[in-house]
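Below is one structure, written out as structure tokens; comments come after it.
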Amino acid sequence: MNVKICVGTTCHLMGASTLIESLELLENDLKSKIVIEYATCFSACQGNFTPPVIKINDEFFGNMTPESLRKLIIDKVVEGAEK
Ligand code: FES
């Protein structure tokens, strides 16, 4: 699963660094199931998504917090395991 964190200016100002720090704290079994990448701006912040914005595979998610990111990753990993 590809997890891309936007580190563009708006997302950075809105807490992207806390998302990055939270990924460091994920358990190893979760970390082993994701590939973390960074983007400078998806342009999603100018559309329907409130920063900070992330992208999991081809899907955008906005207004992320460390807690919502963790929950989303767990949900997606479980969802992927069920397929
Ligand atoms: S700065 Fe993050 S989507 Fe634009």
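Report the net charge of residues surrounding Leu25, where surrounding means a beta-carbon distance below 11 angstrom and charges are Lys +1, Arg +1, Asp -1, Glu -1. Residues close to Leu25 contribute a combined charge of -1.
Segment Ile36..Glu67, full-extension length gain: 9.5 nm, with 0.36 nm per residue of separation and the alpha-carbon distance subtracted. Segment Glu27..Gln46, full-extension length gain: 3.5 nm, with 0.36 nm per residue of separation and the alpha-carbon distance subtracted.
The angle between the Cα long axis of helix 66-82 and the longest principal axis of the Cα atoms of the chain comes to about 40 degrees, rounded to the nearest 10. For a 4.7 Å threshold on C-beta separation, the list of partnerless cysteines in the chain reads Cys41, Cys45.
As a proxy for reagent exposure, Phe49, Phe60 were ordered by neighbouring Cβ count within 10 angstrom, fewest first; the result is Phe60, Phe49. In the chain, a dipole from Cβ-located charges (positive for Lys and Arg, negative for Asp and Glu) runs towards its positive end, and of Ile34, Phe49, Asn63 it is Phe49 whose Cα lies farthest in that direction. Residue order for Leu13, Leu23, fewest other beta carbons within 10 angstrom first, comes to Leu13, Leu23.
Net charge dipole, the chain: roughly 120 debye, given to the nearest 20, about the Cα centre with Cβ charges of +1 for Lys and Arg and -1 for Asp and Glu.
None of the figures in this text is laboratory data; all of them are computed from the coordinates on show. This one's a predicted model, so the numbers in the text were calculated from it and none came from an experiment. Here Cβ is always computed from backbone atoms with ideal geometry, including for glycine, and neighbour counts include all displayed protein chains.
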